[in-house]
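Student: Quick one: the structure is below, questions incoming.
The values are calculated or read from the model by the stated rules, or taken from the named source; none is laboratory data. These figures come from a predicted structure and were not determined experimentally. Please note: Cβ atoms are built from the backbone with ideal geometry, for glycine as well, and neighbour counts cover all protein chains shown.
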Amino acid sequence: MSQYQFSLRLGDRVKAEQELMTSVRKATNPDETAPKRKHVRNMIVFTWDYKTSMPVWDSMKSQPLKANEVQCYKAIISLHKVIREGHHVAIQEALTQTKFLEDLAHGLGGGAYSGWRNYSVLIRAYVNFLLAKLEYHRLHPEFNGMFDYKEYVSLRGTNDPNEGYETIADLMSLQDRLDEFQKLVFRNFQPASNNECRIASLVPLVEESYGIYKFATHMLIAMHQRVDGAEEALEPLRKRYNSQHYALRKFYYECSNLRYLTSLINVPR
Amino acid sequence: MSAKGVLRTVKNYTKGYTPIQMKVRKATSNEPGSPPGSLMSEIAQATFNQTDFLGVMEIIDKRMNDKGRLWRHVFKALTVLDFLLHAGSPYVVEYAIDNIFIVKTLREFQHIDDSGRDQGSNVRQKAKELTALLSDPAKLKEERKNRN
Ligand SMILES: CCCCC/C=C\C/C=C/C/C=C\C/C=C\CCCC(=O)O[C@H](COC(=O)CCCCCCCCCCCCCCCCC)COP(=O)(O)O[C@@H]1[C@H](O)[C@H](O)[C@@H](OP(=O)(O)O)[C@H](OP(=O)(O)O)[C@H]1O
Ligand SMILES: CCCCCC=CCC=CC/C=C\C/C=C\CCCC(=O)O[C@H](COC(=O)CCCCCCCCCCCCCCCCC)COP(=O)(O)O[C@@H]1[C@H](O)[C@H](O)[C@@H](OP(=O)(O)O)[C@H](OP(=O)(O)O)[C@H]1O
């Protein structure tokens, strides 16, 4: 059936890349707003249509990201979404781009971003979180960008509970990183601004954290059913799970007060 | 016929759309109101023909990817797709599952109109429902069966 996909959506590759370039430019323009969903969506759809995200990275590299903190932050938000929602190949390809991400974290000439809007620290923290996510995916290639449990089970085949232990412990460490970063975003809100651009970065973080949470829940239940003496052996994981549960509730509660965010996605409770 | 309807007819011919494509364009037009059931049934029937099927999906795909200002195109295209998934040929089901990312990525569709109204929420809701349906082929199969 994939021949239909071929005949309907894969027209002119050159034109598609030009439109992609326009979307990248518009998504990372200097206006201090959220990157427009339409443009980010075009990037994501491109990766599915053409099974590659490399032109997204190439287009990003041709934008003056390091000269403007807002443009840079919008670029990172967009890339995060492409890695999450794009074709699986986007993860593999992002792993070849860590140097570029590190460079973004350091800004122009290796110093901090000179803007007065204080994105410097957020940019660095966001890049660090993204790198941690990518590292997780490198170690556990059986995950998709959204940490979908169903897909994980079908991709993985084996169910060795010991492997499960590490998978889930690493995932919880990533959740801790996410939690630290989201707190930093909230602390960085500026009183004289609507903070739309900062809130925009919370959107994928809510989705990501909820994906991790749901995954951990499924996995813990499965492990309790499989492992002998699970009650005791899994005690440390359970403890961690509970404290993350509490932290997440707090995060989602705070998000539920942000109108831009709640109008866009359902914040879990 | 409205001025827009005239424009659409002009475009139908200048762009060389087939008769069934013109019907899909009409069903997913920018005018208020939902696509008439009789029109959708006609389109659903047409999808049992391979050539018409391709023509129908081409227009639906265009409409689903239209700009924010034309959110009605997007919303109505999702509505028609929903109908076709239930009453159209199995090709539609296979095609839509293959291309689920198109619908999935519309779950965050946004459009605030000139008067400040959020016109995106209808699209987001519809995209969520359809994504859930497409992620559960067994359920979809059941729903298709119950229809007949
Ligand atoms: C004897 C007579 C004389 C004279 C004179 C004159 C003359 C007169 C002249 C007149 C001008 C008359 C009317 C001008 C009308 C509109 C001005 C255009 C304003 C304009 O730019 O409007 C365009 C639409 O226009 C058309 O599609 C199409 C517009 C078509 C227009 C057509 C026009 C036609 C005209 C004709 C002319 C011409 C001419 C000629 C002449 C010849 C003579 C001899 C944009 O409209 P928009 O703001 O809604 O669109 C936005 C915009 O593109 C954003 O950039 C886009 O977002 P990004 O992707 O983020 O950039 C938005 O996307 P989303 O909604 O998805 O977020 C779009 O929705
Ligand atoms: C005495 C007798 C007379 C007869 C005759 C006849 C004659 C004839 C006349 C005819 C007009 C013929 C052609 C019209 C010319 C240009 C067409 C413009 C292209 C055009 O599409 O512009 C529009 C609207 O533009 C404006 O808002 C701005 C519109 C501005 C328009 C300006 C126009 C100007 C022109 C001038 C002039 C002048 C004329 C003439 C001359 C004559 C002289 C003798 C921009 O379109 P849009 O971006 O707003 O979106 C449309 C729109 O939302 C439609 O509702 C939608 O269709 P449906 O959803 O199917 O209803 C469209 O969807 P599709 O993409 O699927 O088709 C959309 O693409």
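Student: I'd like the full set of residues that are over 20 Å from A:Ala90 (Cβ atoms), within 14 Å of chain B (Cβ to nearest Cβ) and part of a loop (DSSP other than H, G, I, E, B), limited to segment A:5-35.
Tutor: If the condition is that a residue be over 20 Å from A:Ala90 (Cβ atoms), within 14 Å of chain B (Cβ to nearest Cβ) and part of a loop (DSSP other than H, G, I, E, B), then A:Gly11, A:Thr33, A:Ala34 are the ones that fit.
Student: Go through segment A:18-33 and count every residue that is within 11 Å of ligand 1 (Cβ to nearest atom), of a type in the set (Val, Ile, Thr) and within 19 Å of the chain's Cα centre (by Cα).
Tutor: Qualifying residue count for the region: 1.
Student: Working only within segment B:35-91, note down all residues that are charged (D, E, K, R) and more than 27 Å from A:Met43 (Cα to Cα).
Tutor: Those that are charged (D, E, K, R) and more than 27 Å from A:Met43 (Cα to Cα): B:Glu42, B:Asp52.
Residue-by-condition table, conditions (1) under 22 Å from A:Ser256 (Cα atoms); (2) among the polar types (S, T, N, Q); (3) within 14 Å of chain B (Cβ to nearest Cβ):
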site	(1), (2), (3)
A:Phe186	yes, no, no
A:Pro191	yes, no, no
A:Asn194	yes, yes, yes
A:Ile199	yes, no, yes
A:Ser209	yes, yes, no
A:Thr217	no, yes, no
A:Ala230	no, no, no
A:Ala233	no, no, no
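Student: Condition first: crowded, with 23+ Cβ neighbours inside 10 Å, more than 12 Å from chain B (Cβ to nearest Cβ), in contact with a Ser or Thr (Cβ under 8 Å, 6 or more places away or on another chain) and over 17 Å from A:Val203 (Cβ atoms). Can you find one or more residues in segment A:45-57 that meet it?
Tutor: Yes: segment A:45-57 contains one or more residues that are crowded, with 23+ Cβ neighbours inside 10 Å, more than 12 Å from chain B (Cβ to nearest Cβ), in contact with a Ser or Thr (Cβ under 8 Å, 6 or more places away or on another chain) and over 17 Å from A:Val203 (Cβ atoms).
Student: Please list, ordered by residue number, the helices (runs of 4 or more DSSP H) wholly in segment A:158-248 having 1 or more residues that are surrounded by 15 or more Cβ atoms within 10 Å (Cβ to Cβ), in contact with a Cys (Cβ under 8 Å, 6 or more places away or on another chain) and not aromatic (Phe, Trp, Tyr).
Tutor: A:196-226
Student: Of these, B:Thr14, B:Thr18, which one is away from chain A (no Cβ under 14 Å) and within 16 Å of ligand 1 (Cβ to nearest atom)?
Tutor: None of the other options fit; the residue is B:Thr14.
Student: Oh, and also: Quick check on my filter: what residues within segment B:65-95 are more than 12 Å from ligand 2 (Cβ to nearest atom) and within 11 Å of the chain's Cα centre (by Cα)?
Tutor: Listed by number, the residues that qualify are B:Leu78, B:Thr79, B:Val80, B:Leu81, B:Asp82, B:Phe83, B:Leu84, B:Leu85.
Student: Give me the pairs, please: first residue somewhere in segment A:91-104 and in contact (Cβ under 8 Å) with a residue 12 or more places away in the chain, second residue anywhere and not in a helix (DSSP H, G or I), beta-carbon distance under 6 Å, and either six or more positions apart or on two chains.
Tutor: Matching pairs, first to second residue: A:Ile91/A:Gly145; A:Glu93/A:Ser53.
Student: Go through segment B:46-148 and tell me which helices (runs of 4 or more DSSP H), entirely inside it, have 1 or more residues that are within 9 Å of chain A (Cβ to nearest Cβ) and closer than 19 Å to A:Arg9 by Cα.
Tutor: By residue number, B:50-64, B:90-98, B:100-104.
Student: What single numbered condition from (1) more than 8 Å from ligand 2 (Cβ to nearest atom); (2) modelled with pLDDT of 85 or more fails to hold for B:Tyr13?
Tutor: That leaves (2) as the condition not met.
Student: Considering each of B:Leu70, B:Leu81 in turn, give the residue that is in contact (Cβ under 8 Å) with a residue 12 or more places away in the chain, surrounded by fewer than 18 Cβ atoms within 10 Å (Cβ to Cβ) and not small (Gly, Ala, Ser).
Tutor: When all the criteria are applied, what remains is B:Leu70.
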